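Report on the following structure.
The values are calculated or read from the model by the stated rules, or taken from the named source; none is laboratory data. All of these numbers come straight from a predicted model, not from anything done at the bench. Here the Cβ positions follow ideal geometry from the backbone for every residue, glycine too, while neighbour counts run over all protein chains shown. For the accessible areas, the whole protein counts, side chains as well, though only heavy atoms, and no ligand, DNA or RNA atoms are used. Shrake-Rupley method; radii C 1.70, N 1.55, O 1.52, S 1.80 Å.
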Amino acid sequence: MRRITALLMIAVLPLSAHAAVEVFACEPEWAALAKELGGPLVTADSATTALQDPHYIQARPSLIAHVRSADLLVCSGAQLEIGWLPALLQKANNRKVMPGNDGYMEASAYVLRVDATGNVDRAKGDIHPQGNPHVQTDPRNLVPISRELSRRLALLDPSNASVYEQRLEDFLGRWNAAVQAWETRAAPLRGKRGITHHKSWVYLERWLGIEEAANLEAIPGLPPTATHLSKLTAEFAEGGADFIIRSPYQDDRPSQWLSERIGVPAIVLPLTVGGTEEADDLFALFDDIISRLLGALDHA
Ligand SMILES: [Zn+2]
């Protein structure tokens with residue numbers, strides 16, 4: 001009997017190991033979401049870390065190998081990865097994850113993107129002509145995105161469709177409750193004015209009723225210039241801003257420089273999972289973002 005059990009286990013183990021959907025995420029938030037929705041049925045790694053600028057990374061050989069073996073690719077899209085993803089896809093040559101197939105998903109395509117300009121002159125900087133791609137900073141955006149990601153997992157791994165459905169409902173129940181709690185906690189932020197390094201936070205600001213007073217980048221995607229910082233110093237010397245926000249991978253000098261001159265706290269907010277020690281999953285990400293914003297009000 002024991003021997004039969006052992007034989008059965010040998011027969012079953014490789015199958016279950018094979019059942020996993022391999023997810024290639026461009027950014028850590030989508031890898032984290034895939035793990036929430038797929039649990040042990042998926043493996044998910046991110047091409048970028050929270051300490052890297054997702055607009056600009058190198059198409060390293062290890063990433064090409066990962067795209068080559070992936071079943072599902074999940075990226076923010078809207079040209080956020082235009083500087084590196086097309087080269088990765090071309091070199092990996094994996095039909096499953098090419099645009100137009102079930103294995104290719106642009107998360108931002110499932111939400112209403114803001115600030116689409118239609119302007120394709122990238123010489124003017126990283127202008128995101130298809131709209132702002134940093135959609136993960138509004139947790140409500142993760143509702144339609146998680147529904148679509150779950151649907152893709154079920155398409156690619158139909159034998160586990162009911163598991164994905166169940167995990168999705170469980171996730172959404174916990175997520176929607178968390179969103180309500182965050183909104184209550186963040187109420188003091190309503191009407192506050194933020195200066196942000198890059199236009200990374202427009203969705204968060206719209207969600208919480210924070211006004212974007214200015215950007216440190218005069219041209220989106222290009223480093224802040226001395227001229228522009230001087231202009232901001234004059235503009236906000238007498239007030240008009242409550243905090244200056246940057247992401248962990250951005251140069252801290254422009255925000256510190258301005259902070260000292262206009263007397264407004266400069267803070268680091270995690271743009272995604274792993275951006276701070278506290279932000280170690282999607283729930284902790286928003287817990288930490290709100291804690292840090294509220295902390296800035298206390299120290300203003
Ligand atoms: Zn951007």
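List of remarks:
- Relative to the Cα centre, the charge distribution of the chain, modelled as +1 at Lys and Arg Cβ and -1 at Asp and Glu Cβ, gives a dipole magnitude of about 740 debye.
- Cα gyration tensor category, rounded, prolate or oblate, for region 81-207 with a/c compared to 1.5: oblate
- GNM flexibility winner over the chain from 103, 173, 274 (Cα, springs under 10 Å): 173
- Region 223-300 and region 182-208: distance between their alpha carbon centers, rounded to Å: 11 Å
- Amide hydrogen neighbours beyond the local backbone of residue 44, cut-off 5 Å, H modeled: 23
- Cβ-defined net charge surrounding residue 268, 12 Å radius [Lys, Arg +1; Asp, Glu -1]: -3
- When each full DSSP H helix of the chain is screened for a Cα extent of at least 30 Å along its own axis and an average Kyte-Doolittle hydropathy of at least 0.5, none passes.
- Cβ charges +1 (Lys, Arg) and -1 (Asp, Glu), total dipole of region 218-300, debye: 480 debye
- Ranking of 113, 152, 185, 147 by solvent-accessible surface, largest first: 147, 185, 113, 152 (1.4 Å probe, protein heavy atoms only, all chains present).
- A simple count of charges around residue 250, restricted to other residues whose Cβ falls under 10 Å of its Cβ and scoring Lys, Arg +1 and Asp, Glu -1, yields -2.
- Local charge for residue 59 was computed over the other residues whose Cβ lies under 13 Å away, with Lys and Arg +1 and Asp and Glu -1, and equals +2.
- Within the assembled protein chains, the solvent-accessible surface assigned to residue 212 is about 50 Å², based on a 1.4 Å probe.
- Stretching the chain fully between residue 91 and residue 58 yields a gain of 10.6 nm (0.36 nm per residue, less the alpha carbon separation).
- Sequence-distant contacts, meaning Cα pairs under 8 Å at least 6 residues apart, place the relative contact order of region 76-227 at 21 percent.
- Accessible solvent surface per residue of region 144-254, calculated while the other protein chains remain in place, 1.4 angstrom probe, Å²: 46 Å²
- Region 84-241 - charge dipole about Cα centre, Lys and Arg +1 at Cβ, Asp and Glu -1, debye rounded to 20: 240 debye
- Measuring with a 1.4 angstrom probe and ignoring ligands and nucleic acids, residue 172 comes out at about 10 Å² accessible.
- Vicinal HN-Hα couplings computed from phi for region 104-110 (Karplus, 6.51 cos²θ - 1.76 cosθ + 1.60; Hz; Gly/Pro x): 10, 9, 9, 4, 6, 6, 9
- Relative contact order (%) - the chain, alpha-carbon pairs under 8 angstrom, separation at least six: 15 percent
- The chain: C-alpha gyration tensor shape, a/c 1.5 cut-off, then a/b vs b/c: prolate
- In Å², nearest 10: area of residue 114 left accessible to a 1.4 Å probe: 20 Å²
- Cross-link reach is defined here as a Cα-Cα straight distance under 15 Å, omitting same-chain residues fewer than 8 places apart; for residue 96 the aspartates and glutamates meeting it are 22, 71, 106, 157.
- Residues whose placed amide H lies under 5 Å from that of residue 104, excluding near-sequence neighbours: 73
- Of all accessible heavy-atom area on region 49-156, the percent that carbon and sulfur account for (1.4 Å): 53 percent
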